[in-house]
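Below is one structure, written out as structure tokens, with a few remarks after it.
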Amino acid sequence: MPWHRKHLLTIEELKRAEIEQILATAAAFRRVLDRKVKKVPALRGKTIVNLFLEPSTRTRISFEMAAKFLSADVISFDASASSTTKGETLRDTAQNIQALNADMIVLRHAASGSPLYLSKVLGIPVVNAGDGAHEHPTQALLDVFTMREKLGDLKGRKVVILGDILFSRVARSNIHALTKLGADVTIVGPSTLVPHWFESMGVRVSHNLRTALADADVVMLLRIQHERQGVSHFPSLGEYTSMFGLNYTRASWVKPDAIIMHPGPINRGVEIDSDIADSPRSVILQQVTNGIAVRMAVLYLCAGGQPEQVLTPVE
Ligand code: CP
């Protein structure tokens with residue numbers, strides 16, 4: 001099946017076969033990352049602009065590395081030194097970047113739906129690098145890529161997502177990706193952050209941590225998204241940690257071969273203790289490395305590359 005999408009805006013809109021195409025393409029690029037020379041000529045002559053209007057470490061750097069490994073030229077926009085500080089709108093900013101001959105924009109923005117909006121007003125591909133509490137598609141893709149690397153087929157696998165689900169774009173994108181791949185997803189946390197209406201997305205809602213952790217194959221921690229919470233949804237961080245933080249005792253409730261994941265940034269001693277984050281069961285840094293391969297795949301496909309071309313050896 002040929003790849004036909006110009007933009008990557010959400011996981012929700014992707015068919016399972018499209019997720020499989022991205023993951024297969026990422027697997028080919030993942031092998032490139034293990035080579036001494038990691039560069040391939042796939043996007044030579046293209047210019048990609050990272051338009052990040054919210055803070056980021058992992059996503060921004062890995063999109064930049066992914067573009068460079070594909071031989072594209074890449075420009076990372078510095079929001080604090082840009083004319084957005086003088087009131088220039090997102091649309092004007094993006095249209096000017098397009099007029100400067102950019103071939104693709106990777107957008108992170110606090111407003112849900114901003115990548116969709118740009119995709120309608122620009123003529124070049126737009127990739128969503130996180131929009132408000134809506135979606136973070138490449139994070140979910142790198143998460144399922146890492147789960148498959150560790151566990152194989154995800155059909156029937158039990159994935160627990162623990163933390164601030166209500167304000168998490170990572171949770172929403174992962175729920176879409178995991179349910180499409182046949183995983184059995186349970187979301188856990190305080191009832192104010194894990195409301196029952198999430199069941200309409202095809203997941204189980206639990207407020208009982210011990211029961212949820214007992215048969216998990218994957219435990220994915222999420223941090224508290226203070227930047228999106230207008231009012232507090234629990235009495236204090238200390239109380240959140242005492243009820244839902246993953247510490248040594250609670251990690252012992254999880255099967256020994258289960259993996260521990262976190263999209264980062266982690267808040268040590270809040271949602272996860274250091275001895276768990278740094279334990280052999282943690283795949284947090286493997287998630288980060290796999291993020292480069294997944295983003296190489298997304299940039300390559302949205303620029304018009306075809307999966308079958310990269311599935312033959314990439315030279
Ligand atoms: N996981 C993630 O999106 O991290 P950054 O905010 O550092 O990009």
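In region 170-209, which residues are at positive phi and surrounded by fewer than 17 Cβ atoms within 10 Å (Cβ to Cβ)?
Within region 170-209, the subset at positive phi is 182, 189, 202.
Result: GLY182, GLY202.
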Exactly one of PHE63, PHE29 is closer than 16 Å to LEU299 by Cα, in the same structural domain as SER119 (by TED's automatic domain parsing), within 16 Å of the ligand (Cβ to nearest atom) and surrounded by 16 or more Cβ atoms within 10 Å (Cβ to Cβ), and that one is PHE63
If the Cβ limit is 7 Å and pairs must be 6+ apart or interchain, which residue in region 243-254 that is open to solvent by 20 Å² or more (accessible area, probe 1.4 Å) and aliphatic (A, V, I, L, M) pairs with which residue that is modelled with pLDDT under 95 and part of a loop (DSSP other than H, G, I, E, B)?
-> MET243/PRO190
Filtering region 267-279 down to residues that are within 16 Å of the ligand (Cβ to nearest atom) and either open to solvent by 50 Å² or more (accessible area, probe 1.4 Å) or of a type outside the set (A, V, I, L, M, F, W, C) (or both) yields ASN267, ARG268, GLU271
When residues of region 40-60 are limited to those that are within 13 Å of the ligand (Cβ to nearest atom) and within 15 Å of ALA293 (Cβ to Cβ), the one surrounded by the fewest Cβ atoms within 10 Å (Cβ to Cβ) = ARG58
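Give, as residue ranges, the strands (runs of 3 or more DSSP E) completely inside region 157-256 that count at least 1 residues that are of a type in the set (S, T, N, Q) and outside the structural domain of ARG281 (by TED's automatic domain parsing).
Working: elements: 158-162, 184-188, 204-206, 218-221.
Where strands (runs of 3 or more DSSP E) fall fully within region 157-256, none carries at least 1 residues being of a type in the set (S, T, N, Q) and outside the structural domain of ARG281 (by TED's automatic domain parsing).
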For region 75-93, indicate whether the set of residues that are outside the structural domain of LEU142 (by TED's automatic domain parsing), part of a helix (DSSP H, G or I), charged (D, E, K, R) and closer than 30 Å to LEU166 by Cα is non-empty.
-> yes
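The values are calculated or read from the model by the stated rules, or taken from the named source; none is laboratory data. If you're wondering where the values come from, they're calculated on a predicted model, not measured in any experiment. Glycine also receives a Cβ, built like all others from the backbone with ideal geometry; neighbour counts cover every protein chain displayed. The accessibility values were calculated without ligands, DNA or RNA, using every heavy atom of the protein model including side chains. Shrake-Rupley method; radii C 1.70, N 1.55, O 1.52, S 1.80 Å.
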